[in-house]
Amino acid sequence: MTADLLVRNARPMGGDPVDLVIRNGRFDTRDGVLPKEEIDATEYIALPGLVEAHTHLDKTLIGMDWYENRVGPTRNHRILADRQAKRALGIDARRQSARQILQTLPFGVLAIRSHVDVDTEIGIANIEGVLETREALRDLVDVQVVAFPQSGMLPREGTLELMDAAMRAGADIVGGIDPATIDRDPVRHIDAIFALADRHSKPIDIHLHELGELGAFCLELIIERTRALSMQGRVMVSHAYCLGMLDAARQQGLIETLVAERIAVLTVGSPAMPALPLRLMRQCGLTVASGSDGIQNTWEPWGNGDMLERAKYLAQRNGMTNDADLAETTRICTFGGAEAMGLEGYGFGEGNAGDLVLVPARALAEAVALTPSKRTVIRRGRVLVRDGALAEDLPPIA
Ligand SMILES: [Zn+2]
């Protein structure tokens, strides 16, 4: 019997060394398997694929000319600038999504959830572009596409119908955004996206930037509809800054309700917004994921998509410095994201996808603190990146 790969002395999540065998693209613990190839992982820690649970693949300007950002400070300024840039710069969602995916592959990002704009100017062209990329790069990364009404939904007539068209075209998840402050009609916005998700039997992932009690009110509307439609385990709330702004009893109560309805929360650890109570959220058993959000686009000029660096940002935003806390932020950027995205066969168990990221570090905390670059990335038993260098048979960046 022949295996694709034997990884000797791998330390899953920084634990004790084990030999990992990958056969036919899956972990296989059976004895007597002769490998085609062996890797010695003694100097590394082993992670399953890093999980980018929230980004915008269709907006990145990676590889394009420098965008001189003259955008005003509010979210509405940024939404307008974003829409204008699409026209003026000719941002090609197919090409740009491929660039971002190939840029983050050497970090070990093997699963991505991307919100993709749907609006009355571009229709579903960006959805189609990112779906094309997903198909072209399917051997390298798993991509989930969220139909995202970035410019608002109800006030811009025709957007809801385009969202429906996006779902029919192959989008995986129904998105939404700030039902009170952008659409200014939270009940109708949330009813509309849940109805769409119900009609297509798809999950929901909603951007909720709304602050304080207004955000909490919208969160409660989301919770009520999740319960009413039995969508437990299929709803994610992205950002949910309101959770970091409530008094302790209200905070705890909402978190426990989110846990009971198995609603996941995504946080990027934004330095400009209220910090979420990360320790409490994890102690209560909430599924917490993380992501880069925008990378080098008209919203934010920075970002490289490294989810280990994101784990560091989460730690810094929450005043975490000890090894156990840094290990926890790594779990958010791996298992937390996988659970929130509903990835099947994730992790090191027998029969699971044979994906590994080997990071040259002595402990998870060191991997987070120093984010070493010379990683080896294995997907379904195939070495895609060796010590930071892309394998030669990978597609060139367009
Ligand atoms: Zn976002």
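Comparison of 113, 99 shows that the only residue that is within 16 Å of the ligand (Cβ to nearest atom), under 30 Å from residue 375 (Cβ atoms) and modelled with pLDDT of 95 or more is 113. Checked against the criterion of being surrounded by 14 or more Cβ atoms within 10 Å (Cβ to Cβ), in a loop (DSSP other than H, G, I, E, B) and either more than 16 Å from the ligand (Cβ to nearest atom) or without any contact (Cβ under 8 Å) to a residue 40 or more places away in the chain (or both), the candidates 63, 32 yield just one match: 63.
Check segment 222-233 and report whether any residue there is part of a loop (DSSP other than H, G, I, E, B), among the aliphatic types (A, V, I, L, M) and within 18 Å of residue 314 (Cβ to Cβ). Steps first, please.
Keep residues of segment 222-233 that are part of a loop (DSSP other than H, G, I, E, B), which gives 229-233.
If we keep only those that are among the aliphatic types (A, V, I, L, M) as well, we get 229, 231.
Applying the additional criterion that residues be within 18 Å of residue 314 (Cβ to Cβ) yields none.
Checked segment 222-233: no residue is part of a loop (DSSP other than H, G, I, E, B), among the aliphatic types (A, V, I, L, M) and within 18 Å of residue 314 (Cβ to Cβ).
Suppose we filter segment 268-288 for residues that are touching a Phe, Trp or Tyr at 6+ places or on another chain (Cβ under 9 Å) and of a type outside the set (A, V, I, L, M); how many remain? Adding up the residues that qualify gives 4. Applying a threshold of 6 Å to beta carbon distances and a minimum spacing of six or more residues, or different chains, the list of pairs starting in segment 153-165 at a residue that is in the same structural domain as residue 207 (by TED's automatic domain parsing) and ending at one that is of a type in the set (Asp, Glu) reads 153/183; 154/183; 154/185.
Number of residues in segment 269-284 that are crowded, with 16+ Cβ neighbours inside 10 Å, aliphatic (A, V, I, L, M) and over 14 Å from residue 331 (Cα atoms) equals 3. Listed by first and then second residue, the pairs linking a residue in segment 69-94 that is in contact (Cβ under 8 Å) with a residue 60 or more places away in the chain to a residue that is not in a loop (DSSP other than H, G, I, E, B), with Cβ atoms under 6 Å apart and 6 or more places separating them unless they lie on different chains, are 71/77; 71/78; 71/81.
Exactly one residue out of 187, 174 is within 16 Å of the ligand (Cβ to nearest atom) and assigned by TED's automatic domain parsing to the domain that holds residue 271, and it is 174.
Restricting to helices (runs of 4 or more DSSP H) lying wholly in segment 280-398: which have 3 or more residues that are under 28 Å from residue 18 (Cα atoms) and out of contact with any strand residue (DSSP E or B) (no Cβ under 8 Å at 6 or more places or on another chain)?
Answer list for segment 280-398: 307-317, 323-331, 364-370.
Of everything in segment 198-216, what is assigned to a helix (DSSP H, G or I) and out of contact with any Leu (no Cβ under 9 Å at 6 or more places or on another chain)? Give them in sequence order. 199, 200, 214, listed by residue number.
Do you know which of the residues in segment 158-200 that are within 20 Å of the chain's Cα centre (by Cα) and among the charged types (D, E, K, R) is nearest to residue 146 (Cα to Cα)? Out of the qualifying residues, it is 172. For the structure I just gave you, tell me whether residue 268 is within 15 Å of the ligand (Cβ to nearest atom), of a type in the set (Val, Ile, Thr) and either free of Cβ contacts under 8 Å to residues at least 12 places away in the same chain or closer than 23 Å to residue 191 by Cβ (or both). So residue 268 fails the test.
Scanning segment 295-309 for residues that are within 16 Å of the ligand (Cβ to nearest atom), over 11 Å from the mean Cα position of the chain (by Cα) and not hydrophobic (A, V, I, L, M, F, W, C) returns 296, 297, 298, 300, 301, 303. State yes or no: is residue 222 surrounded by 15 or more Cβ atoms within 10 Å (Cβ to Cβ), under 19 Å from residue 148 (Cα atoms), away from the ligand (no atom under 16 Å from the Cβ) and assigned by TED's automatic domain parsing to the domain that holds residue 176? In short, yes.
Checking each residue in segment 95-136 for being in a loop (DSSP other than H, G, I, E, B) and surrounded by fewer than 24 Cβ atoms within 10 Å (Cβ to Cβ) picks out 120, 121, 122, 124.
Yes or no: residue 83 within 16 Å of the ligand (Cβ to nearest atom), in a helix (DSSP H, G or I) and under 30 Å from residue 184 (Cβ atoms)? Before the answer, list the steps.
Details: within 16 Å of the ligand (Cβ to nearest atom): yes; in a helix (DSSP H, G or I): yes; under 30 Å from residue 184 (Cβ atoms): yes.
In short, yes.
The values are calculated or read from the model by the stated rules, or taken from the named source; none is laboratory data. Predicted model, so just to flag it, every value in this text is computed and none were measured. Cβ sites come from the backbone with ideal geometry, for glycine too, and all protein chains shown count toward neighbours.
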